[in-house]
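A short write-up of the structure that comes next.
The values are calculated or read from the model by the stated rules, or taken from the named source; none is laboratory data. Fair warning: this is a prediction, and the values are worked out from it, not measured in the lab. No Cβ is skipped: glycine too gets one built from the backbone with ideal geometry, and neighbour counts run over all protein chains shown.
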Amino acid sequence: MICWKKKYNSRLASILGITTDELDTLKPVIEEYTGYDDTLYSYIISFKKDSPQDIFKKINGINDRNQVWIDSWELDNQDYDDYTYISAPYRNSHEEYQQSIINIDRLNKIRLGVEELDKIFRKQIYSSIVSSLELFLYETIINLTKSNSEYVDNIIINHPRYKEPDIAEKNNSEKHKMVKSALMKLNYHNLEKVSVYYNSAFNISFPAFEDLKKHLTGMRNNIVHRNGKTLDGEIVEITESEINELLDLSNKLVDYIAEKLDLNGLPF
């Protein structure tokens, strides 16, 4: 259970289809739902079975457990998200990625001569590759959707999330804000979710990424969140072979996207 901020009451009540007074009457329990990477994805709004039925029946999207699941971005400050989306600078994402990889590759050839330091160094290099890929995926879709609003419309039309009744009934301006908010908060190491947005916006399907996914989920989290330990506390070490494999897989995905979207022919 979390301490709910009063400023969200009006927005929450609107999403649920009730008034703020009715929301106060129900006194729901509000919990955060986070994924394996501790990222906030949704809020779970739970209601007591003995809640006033005249109010209870008005609630949108309630399930048989007397709960409503709400995406986190639906309750966040979308005006701020829209501002940060608009303010994000244009960059040649492919060129930036390539330069980053050149520098990482140069670092990868350095040997510090002390094994304990080399272990730390390899973890930092590994993390830098992951970060470069995530930044590329983020900047590319932000650049393109900012330069052509038709791509945002494509997401609204093609992405399964925006076909759901609670969103489908909203006006186009609200849907655009939702898309921009989602793009700003998307976890770009989650290739399954990212690929759906890319396919929805640009009609391109990512090549098979199961091998890359293993790096971006399991190993990434061990390195980034737990400094080289698994959830069970087991120490994992990054080898030069793993770095080279990650580099190869990351480069292949980036080059594929760059070619499909003709990134080097675009004015940013």
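Yes/no per residue for (1) among the basic types (Lys, Arg); (2) assigned to a helix (DSSP H, G or I):
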| residue | (1), (2) |
| --- | --- |
| Ser128 | no, yes |
| Ile167 | no, yes |
| Ser173 | no, yes |
| His176 | no, yes |
| Tyr188 | no, no |
| Lys193 | yes, yes |
| Tyr198 | no, yes |
| Ile204 | no, no |
| His215 | no, yes |
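Scan segment 68-91 and tell me whether some residue there is modelled with pLDDT of 85 or more and either more than 30 Å from Thr140 (Cα to Cα) or part of a helix (DSSP H, G or I) (or both). Before the answer, list the steps.
Step one: filter segment 68-91 for residues modelled with pLDDT of 85 or more, giving 68.
Remaining after also requiring either more than 30 Å from Thr140 (Cα to Cα) or part of a helix (DSSP H, G or I) (or both): 68.
There is at least one residue in segment 68-91 that is modelled with pLDDT of 85 or more and either more than 30 Å from Thr140 (Cα to Cα) or part of a helix (DSSP H, G or I) (or both).
Results for (1) at pLDDT below 90; (2) under 24 Å from Val179 (Cβ atoms); (3) surrounded by 13 or more Cβ atoms within 10 Å (Cβ to Cβ); (4) not assigned by TED's automatic domain parsing to the domain that holds Asn251, shown as yes or no for each residue.
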| position | (1), (2), (3), (4) |
| --- | --- |
| Asp38 | yes, no, no, yes |
| Ser51 | yes, no, yes, yes |
| Asp54 | yes, no, no, yes |
| Ile59 | yes, no, yes, yes |
| His94 | no, yes, yes, no |
| Ile104 | no, no, yes, no |
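Checking the conditions here, which among Val236, Val224, Val179 is in contact (Cβ under 8 Å) with a residue 60 or more places away in the chain and either farther than 25 Å from Ser100 by Cα or touching a helix residue (DSSP H, G or I) at 6+ places or on another chain (Cβ under 7 Å) (or both)?
Working: Val236 fails: in contact (Cβ under 8 Å) with a residue 60 or more places away in the chain; Val179 fails: in contact (Cβ under 8 Å) with a residue 60 or more places away in the chain.
Criteria check complete, one pass: Val224.
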Would you confirm, using the coordinates I've provided, whether Tyr162 is of a type outside the set (Val, Ile, Thr) and free of Cβ contacts under 8 Å to residues at least 24 places away in the same chain?
yes
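Return the residues of segment 217-253 that are among the hydroxyl-bearing types (Ser, Thr, Tyr) and assigned to a helix (DSSP H, G or I); say none if nothing qualifies. Break it down into steps so the answer makes sense when it comes.
As a first pass, look at segment 217-253 and keep what is among the hydroxyl-bearing types (Ser, Thr, Tyr): 217, 230, 239, 241, 250.
Within segment 217-253, Thr217, Ser241, Ser250 meet the criteria.
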Scanning segment 197-221 for residues that are buried (at least 17 other Cβ atoms within 10 Å of the Cβ), among the hydrophobic types (A, V, I, L, M, F, W, C) and touching a helix residue (DSSP H, G or I) at 6+ places or on another chain (Cβ under 7 Å) gives Ala201, Phe202, Phe206, Phe209, Leu212, Leu216
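Residue by residue through segment 182-198, note down the ones that are charged (D, E, K, R) and without any contact (Cβ under 8 Å) to a residue 40 or more places away in the chain. Outline the logic, then answer.
So in segment 182-198, the residues charged (D, E, K, R) come out as 185, 192-193.
Result: Glu192, Lys193.
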When Asn203 is run through (1) on the phi > 0 side of the Ramachandran plot; (2) within 14 Å of the chain's Cα centre (by Cα), the failure sits at (2)
